[in-house]
Amino acid sequence: MSSYKFYVLKGLNYNRNTLHGRLFMDMLALRISGYYKYYGNKLMPIDLYDHFSDHLVLCKKIDDEYVPVSCLRTISYLKCSQNKVDFLPITRTSSSNSKISAEIKKLLLLTKYNLNYDSGLTISPRITSKIESYGILKNMIGLCLTYHEHNDNIPFLISSIKKTKTDKLFEKVGFVPICDNSSYSLKGLESEGFMMLKYKYDKKNYIAWTDDASSLWDNKIELETMLEEQSQLSQA
């Protein structure tokens, strides 16, 4: 993966004149194109939570520029609370399966509200090689697990979708259903097969999924929010 670089984008930046802004906008475009492949116009994978999520973005060097080829966002309960919005996994599940939202609330208490929800895992439709696509996916999963381990927020939540075959993949990674009946649906997408999962740490399995991504993680670049950039400029 010598031609790849990993970025953590912290929050919103729409100024394309900055590296953060360019990667942020290209990452949103990547997610839209990736979801369109499966859902057409039925699902818009961008919302207000993007403003204060951490975005894990894997880029590939193309013509001397790093271009996003995979992304995943993670949102914490505390960030949702600070921004006065409901925790996203509760919002997504409460109308179709109240048992899941009740389990999430229990898990919030057990983790002392240090709980994250990951979503939007996307690989660029332009990556047509199955070997390269799997390599990108495995590294993204490894980077995701490493991110949460380093931020002391394991367990964390993620949704699987039968249509994209992430249900079987996440099972191999170490995710388990959050409760006995962990299926839920979204309006207009009732037949897609969504499930709410939580990550269950197992050292051997964790190492198997994170080892290949360790160099990408060690050389990661973290880019702060636009507001923090402006604050740093005003203090200079």
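The values are calculated or read from the model by the stated rules, or taken from the named source; none is laboratory data. Model, not experiment: these values are computed from the prediction. Positions of Cβ are backbone-derived with ideal geometry, glycine not excepted, and every protein chain shown enters the neighbour counts.
Any idea which of (1) touching an Asp or Glu at 6+ places or on another chain (Cβ under 9 Å); (2) in contact (Cβ under 8 Å) with a residue 60 or more places away in the chain is the one residue 80 doesn't satisfy?
(2)
List the strands (runs of 3 or more DSSP E) that sit entirely inside segment 104-222 and contain at least 1 residues that are within 16 Å of the chain's Cα centre (by Cα), farther than 18 Å from residue 70 by Cβ and among the hydroxyl-bearing types (Ser, Thr, Tyr).
Working: elements: 116-123, 157-161, 175-177, 194-199.
It comes to 116-123, 194-199.
Among (1) at positive phi; (2) at pLDDT below 95, where does residue 166 come up short?
Result: residue 166 fails condition (1) only.
Does segment 135-150 contain at least one residue that is among the small types (Gly, Ala, Ser) and closer than 20 Å to residue 78 by Cα? Steps first, answer last, please.
Within segment 135-150, the subset among the small types (Gly, Ala, Ser) is 135, 142.
Narrowing further to those that are closer than 20 Å to residue 78 by Cα: none.
The answer is no; no qualifying residue exists.
Condition first: in contact with a strand residue (DSSP E or B) (Cβ under 8 Å, 6 or more places away or on another chain), under 18 Å from residue 101 (Cβ atoms) and among the aliphatic types (A, V, I, L, M). Can you find one or more residues in segment 166-174 that meet it?
No, segment 166-174 contains no residue that is in contact with a strand residue (DSSP E or B) (Cβ under 8 Å, 6 or more places away or on another chain), under 18 Å from residue 101 (Cβ atoms) and among the aliphatic types (A, V, I, L, M).
Okay, residues lined up against (1) closer than 18 Å to residue 195 by Cβ; (2) of a type in the set (Ser, Thr, Tyr); (3) in contact with a Gly (Cβ under 6 Å, 6 or more places away or on another chain):
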| residue | (1), (2), (3) |
| --- | --- |
| 47 | no, no, no |
| 63 | no, no, no |
| 66 | no, yes, no |
| 87 | yes, no, no |
| 95 | yes, yes, no |
| 98 | yes, yes, no |
| 120 | yes, no, no |
| 124 | no, yes, no |
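Within segment 188-201, track down each residue that is loosely packed, with under 12 Cβ neighbours inside 10 Å and modelled with pLDDT of 95 or more. Spell out the reasoning first.
From segment 188-201, those loosely packed, with under 12 Cβ neighbours inside 10 Å are 188, 190-191; that's our starting set.
Result: no residue meets the conditions.
Somewhere in segment 21-33, is a residue crowded, with 19+ Cβ neighbours inside 10 Å, at pLDDT 95 or above, within 29 Å of residue 179 (Cβ to Cβ) and touching a Pro at 6+ places or on another chain (Cβ under 8 Å)?
Yes, segment 21-33 contains at least one residue that is crowded, with 19+ Cβ neighbours inside 10 Å, at pLDDT 95 or above, within 29 Å of residue 179 (Cβ to Cβ) and touching a Pro at 6+ places or on another chain (Cβ under 8 Å).
Show the residue pairs meeting these rules: Cβ distance below 6 Å; 6+ apart or different chains; first residue within segment 1-15 and of a type outside the set (A, V, I, L, M) and part of a strand (DSSP E or B); second residue surrounded by fewer than 19 Cβ atoms within 10 Å (Cβ to Cβ) and at pLDDT below 95.
Partner pairs satisfying both residue conditions: 10/224; 10/225.
Please go through segment 187-219 and give me each residue that is in contact with a helix residue (DSSP H, G or I) (Cβ under 7 Å, 6 or more places away or on another chain) and more than 27 Å from residue 136 (Cα to Cα), ordered by number.
none
Checking the structure you have, find out if any residue of segment 93-104 is out of contact with any strand residue (DSSP E or B) (no Cβ under 8 Å at 6 or more places or on another chain), of a type in the set (Gly, Ala, Ser), surrounded by fewer than 22 Cβ atoms within 10 Å (Cβ to Cβ) and on the phi > 0 side of the Ramachandran plot.
Within segment 93-104 (the criterion being out of contact with any strand residue (DSSP E or B) (no Cβ under 8 Å at 6 or more places or on another chain), of a type in the set (Gly, Ala, Ser), surrounded by fewer than 22 Cβ atoms within 10 Å (Cβ to Cβ) and on the phi > 0 side of the Ramachandran plot), the answer is no, since none of the residues qualifies.
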